[in-house]
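What follows is a short report on a single structure.
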Amino acid sequence: QVQLVESGGGLVQAGGSLRLSCAASGSIFRINVMGWYRQAPGKQREFLANISEYGSTTYADSVKGRFTISRDAAKSTMYLQMNSLKPEDTAVYYCMAAGGGASGWGQGTQVTVSS
């Protein structure tokens, strides 16, 4: 199994930036892809971005050009750099890892963007 721990959330003003981290441990050799999702109150969990083991990335249209996903394979850590934040970005942000026929989720980190 893979254990995931997010960090870096917090309160920021609109237009500001935050960088989220997701540290992976356990059976990390199984991971093929890692990604970020978010869930706002009363809404379904939403895909934001993912990054493959080869470094290729995919973004949702809602964050393309504002968010950047990256990873440090040596540290088994994935990042989400979030710029030009908007109040509608307020949500709990989750990281996900998948591979070897299994997937796992972190516990989430709250991001609140004030107007």
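The values are calculated or read from the model by the stated rules, or taken from the named source; none is laboratory data. Small disclaimer: the values here were computed from a predicted structure and weren't measured. So basically every Cβ, Gly included, is an ideal-geometry build from the backbone, and we count neighbours across all protein chains shown. What goes into the accessible areas is simple: the full protein's heavy atoms, side chains included, and nothing from ligands, DNA or RNA. Shrake-Rupley method; radii C 1.70, N 1.55, O 1.52, S 1.80 Å.
When the accessible area of region 30-115 is split by element with a 1.4 Å probe, what percent falls to carbon and sulfur? Before the final figure, lay out the partial values.
Details: 2090 of 4410 Å².
With neighbouring chains kept in place, the figure for region 30-115 is 47 percent.
Computed with a 1.4 Å probe over protein heavy atoms only, the accessible area of LYS86 comes to about 80 Å².
Under 5 Å from the amide H of SER27 lie the amide H atoms of VAL2, GLN3, each residue being 5 or more positions distant or on a separate chain, with H modelled from the backbone and absent for Pro and chain starts. Backbone amide hydrogens, once placed in the peptide plane, bring THR90 within less than 5 Å of VAL113, excluding anything fewer than 5 places away on its chain. Working from Cα pairs under 8 Å separated by at least six residues, relative contact order for region 41-115 is 20 percent. Rounded to the nearest 20 debye, the dipole size of region 38-112 about its Cα centre is 80 debye, using +1 on the Cβ of Lys and Arg and -1 on the Cβ of Asp and Glu.
Averaged per residue, the chain has 53 square angstrom of accessible surface, using a 1.4 angstrom probe with ligands and nucleic acids left out.
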